[in-house]
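Let me begin by presenting the structure, written as structure tokens, before commenting on it.
Since every read-out is calculated from the coordinates, none of them should be taken as a lab result. What you see is a predicted model; the values in this text were computed from it and never measured. With ideal geometry, Cβ positions are generated from the backbone for all residues, glycine too; neighbour counts draw on all protein chains shown.
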Amino acid sequence: MHRRGYPAPFTAAVTSSSATLAIILPPSIPMILYGVMAETSIVQLFVAGIVPGLLAGFAMMGLCYWYAVRYDWPIEEVFNLRRVWTTFKAAFWALFLPLIILGGIFGGVVTATEGGGLAVLAALLIGGVIYRDIDLGFLRRAVVEGATQTAVVMLLVAASALVGVYL
């Protein structure tokens, strides 16, 4: 954003605010970890995060638009409804993944963990069969990196649970 002419304080504010907002929008991994550790219903946490997350997201978009108009910041390209439709058609199957997760959870078909696993399977099928865009070498590296990051998070969760027991 800074290279494209937006002020550095604005880019830092947008990046940090959107990262913070991502925690409450389902399906959020920190929300799932909190639900597991606090023995709280993950579905209820997801339901509780939808409305505030969407309100905050739209408020952030409105504020960014207001700043852009007020300070005459650069325009990437003019809005084109035809391009939105073309992009939507190209991304339809990828946009279907959150519906698989949330629809399965709220429909009572799967738990939150099973919904995540189902979404991974669906992503592999969509990426490999429909988009034909999965490189097996990249997939292997992604699996190793995901397993490593999951192990780190689980070690942190286990350590915090131990500290909670002994304090």
Original post:
In deg cm²/dmol, rounded to 500, what helix-only [θ] at 222 nm does the chain give when every DSSP H run of at least 4 residues adds -39500 (n - 2.57) and the total is split over its residues?
Top reply: -25500 deg cm²/dmol
Original post:
For the chain, what are the per-bin percents of Cα-Cα distances with bins 10 Å wide, up to the bin holding the maximum?
Top reply: 8, 23, 33, 27, 8, 1, 0
**OP:** May I ask you to evaluate 6.51 cos²θ - 1.76 cosθ + 1.60, the Karplus curve with θ = phi - 60°, for each residue of segment 93-109 and list the ³J(HN,Hα) values in order in whole Hz, giving x for glycine and proline?
**Re:** 5, 5, 6, 6, 4, x, 5, 5, 5, 5, x, x, 5, 6, x, x, 7
Original post:
Among Pro98, Ala19, Phe79, whose Cα lies farthest out toward the positive end of the dipole of the chain, if unit charges sit on the beta carbon of Lys, Arg (+1) and Asp, Glu (-1)?
Top reply: Phe79
Subject >> In sequence order, calculated HN-Hα J values of segment 31-36 (Karplus, 6.51, -1.76, 1.60; Hz; x Gly/Pro) >> reply: 5, 5, 4, 4, x, 5
Subject >> Exposed-loop-free span, longest in the chain, where chymotrypsin sites (Phe, Trp or Tyr not before Pro) count as exposed if DSSP calls them loop and at most 15 other C-beta atoms lie within 10 Å >> reply: 1-70
Original post:
Taking a ≥ b ≥ c as the square roots of the eigenvalues of the Cα gyration tensor of segment 46-116, is the shape rounded (a/c under 1.5), prolate (a/b larger than b/c) or oblate?
Top reply: oblate
Subject >> Label point distance in nm, Val51-Ala147, each placed 7 Å from Cα along Cα→Cβ >> reply: 4.3 nm
Original post:
Got a sec to turn the phi values of segment 125-131 into Karplus ³J(HN,Hα) couplings, 6.51 cos²θ - 1.76 cosθ + 1.60 with θ = phi - 60°, whole Hz, x for Gly and Pro?
Top reply: 5, 5, x, x, 9, 7, 7
Original post:
Tally Lys and Arg at +1 and Asp and Glu at -1 over the other residues with C-beta under 15 Å from the C-beta of Asp135: what net charge comes out?
Top reply: +1
**OP:** With r as the distance between the Cβ atoms of Ser16 and Ile134 and R0 = 35 Å, compute the FRET efficiency 1/(1 + (r/R0)^6) and round to 0.05.
**Re:** 0.60
Original post:
Given +1 on the Cβ of Lys and Arg, -1 on the Cβ of Asp and Glu, and no further charges, what dipole in debye does segment 34-167 carry about its Cα centre, rounded to the nearest 20?
Top reply: 260 debye
Original post:
Relative to the longest principal Cα axis of the chain, at what angle does helix 42-70 sit, 0 to 90 degrees, rounded to 10?
Top reply: 20 degrees
Original post:
Any idea what angle helix 136-166 forms with the longest principal axis of the chain, computed on alpha-carbon atoms, 0 to 90 degrees, nearest 10?
Top reply: 60 degrees
